[in-house]
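Okay, so here's the structure we're looking at.
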Amino acid sequence: MSALVEFQGVDFAYGRAGFAIRGLSFGVEAGEIFGVIGPNAAGKTTLLRLLTRVVRPDRGLVRLGGESVGRLTPAAVATRVAVVQDLPRGFPYTVMDLVLMGRFPHAPGRFFESEDDVRHARRAMAMTGVLDLADRALDHLSAGERQRVMLARALCQGAPLLALDEPTAHLDLRFQAECVGLLRQVNREAGLTIVLVTHDLNLAAEVSDRLLLLASGSAVRIGTPEAVLEEATLEAAYGCRVVVDKHPSSRRPTVQVVWPDPRR
């Protein structure tokens, strides 16, 4: 496998607020699911912003497919990485309209979609199970349907890399399980590389090939879920007691917080 994403000695600071990212170096191999975890203000979302050229590093280099992100146009970045984020309310479009927006980077000067664009959109909607919702208004979707539609838009974009920021936030257990299944499906069937940013350590452990644990903008540990999700490592990063066990069926690590006893 070859590295699809490379961070080399990356520093980034938001003005006088101090460093959000400091000396960050890692690679994401083509075809893997790479989870990024860490406490609040660890630098997780900033990592995605650097990856997608929303902000630029103060020092170091970010590469996508061997090319420096800083040398790519926004449209070129969008053909290499598709971001899946929560969909705001009050967006006056149908599911088909939104999914077709994923084709914009391939012809940014064009005003109307082509038949090929529609084929890409229908294929993406079929893969995520929302083809029957094509004419539905976005504000009439459930939380799980909205997440599937956003994933369909990203797949329609045709990028080899998916970047997901908290994909299971606000989802109940059923839709969390569906999200896990979808991530595995697109990784396996479409061959997509996935960078998953999440607070949900158990989701990250279940779907990720490797994890990056961030704290205060620096890498604490990079490795398999078993290597990263250790009690002492997590307790130092998060500042609370945890218990790490194994899931009874998948045998992946599971993390539980040891809640403080107010009587002590």
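Here's a check for you: in region 70-88, which residue that is in a loop (DSSP other than H, G, I, E, B) and not polar (S, T, N, Q) is modelled with the lowest pLDDT? Across region 70-88, the extreme among qualifying residues is Pro88.
Screening Leu234 against (1) under 19 Å from Gly43 (Cα atoms); (2) at pLDDT below 95; (3) assigned to a helix (DSSP H, G or I) leaves a single unmet condition, (2). Selection within region 237-264: residues that are small (Gly, Ala, Ser) and touching a residue at least 12 places away in the same chain (Cβ under 8 Å). The member of this set that is nearest to Lys44 (Cα to Cα) is Ala237. Looking across region 1-31, the residues that are over 23 Å from Ser208 (Cβ atoms) and aromatic (Phe, Trp, Tyr) come down to Phe12, Tyr14, Phe19.
Of the strands (runs of 3 or more DSSP E) entirely within region 1-66, those holding at least 2 residues that are surrounded by 15 or more Cβ atoms within 10 Å (Cβ to Cβ) and out of contact with any helix residue (DSSP H, G or I) (no Cβ under 9 Å at 6 or more places or on another chain) occupy 3-13, 19-29.
For region 210-221, the criterion of being buried (at least 16 other Cβ atoms within 10 Å of the Cβ), among the basic types (Lys, Arg) and within 20 Å of Ala41 (Cβ to Cβ) is met by at least one residue. Please go through region 67-102 and give me each residue that is closer than 30 Å to Leu138 by Cα, exposed (fewer than 15 other Cβ atoms within 10 Å of the Cβ) and more than 20 Å from the chain's Cα centre (by Cα), ordered by number. Passing the criteria: Thr73, Arg89, Gly90, Phe91, Pro92, Tyr93.
Just give me the residues in region 164-174 being surrounded by fewer than 18 Cβ atoms within 10 Å (Cβ to Cβ) and either within 12 Å of Gln85 (Cβ to Cβ) or of a type outside the set (Lys, Arg) (or both), in sequence order. Of everything in region 164-174, those that are surrounded by fewer than 18 Cβ atoms within 10 Å (Cβ to Cβ) and either within 12 Å of Gln85 (Cβ to Cβ) or of a type outside the set (Lys, Arg) (or both) turn out to be Ala169, His170, Asp172, Leu173. In this structure, Arg146 does not satisfy being out of contact with any strand residue (DSSP E or B) (no Cβ under 6 Å at 6 or more places or on another chain), at pLDDT 90 or above and farther than 23 Å from Pro74 by Cβ.
The residue list Cys156, Cys179 contains one member that is closer than 26 Å to Leu51 by Cβ, surrounded by 14 or more Cβ atoms within 10 Å (Cβ to Cβ) and in contact with a Pro (Cβ under 6 Å, 6 or more places away or on another chain), which is Cys179. Take the conditions (1) buried (at least 21 other Cβ atoms within 10 Å of the Cβ); (2) over 16 Å from the mean Cα position of the chain (by Cα); (3) of a type in the set (A, V, I, L, M); Ala107 misses just one of them, which is (1).
Entry remark, region 197-211: residues being part of a helix (DSSP H, G or I) and of a type in the set (D, E, K, R) number 1 in total. Is it the case that some residue within region 153-165 is among the basic types (Lys, Arg), in contact with a Phe, Trp or Tyr (Cβ under 6 Å, 6 or more places away or on another chain) and at pLDDT 90 or above? Looking through region 153-165, none of the residues is among the basic types (Lys, Arg), in contact with a Phe, Trp or Tyr (Cβ under 6 Å, 6 or more places away or on another chain) and at pLDDT 90 or above. Residues Leu196, Leu162, Leu182: which one is under 23 Å from His106 (Cβ atoms) and either touching a Leu at 6+ places or on another chain (Cβ under 9 Å) or of a type in the set (D, E, K, R) (or both)? Going through Leu196, Leu162, Leu182 in turn, just one is under 23 Å from His106 (Cβ atoms) and either touching a Leu at 6+ places or on another chain (Cβ under 9 Å) or of a type in the set (D, E, K, R) (or both): Leu162. Report yes if Thr45 is in contact with a Pro (Cβ under 9 Å, 6 or more places away or on another chain) and among the hydroxyl-bearing types (Ser, Thr, Tyr), otherwise no. Judged against the criteria, Thr45 is not a match.
The values are calculated or read from the model by the stated rules, or taken from the named source; none is laboratory data. These numbers come from a predicted model, not from an experiment. Note that we place each Cβ from the backbone using ideal geometry, even for glycine, and neighbour counts take in every protein chain shown.
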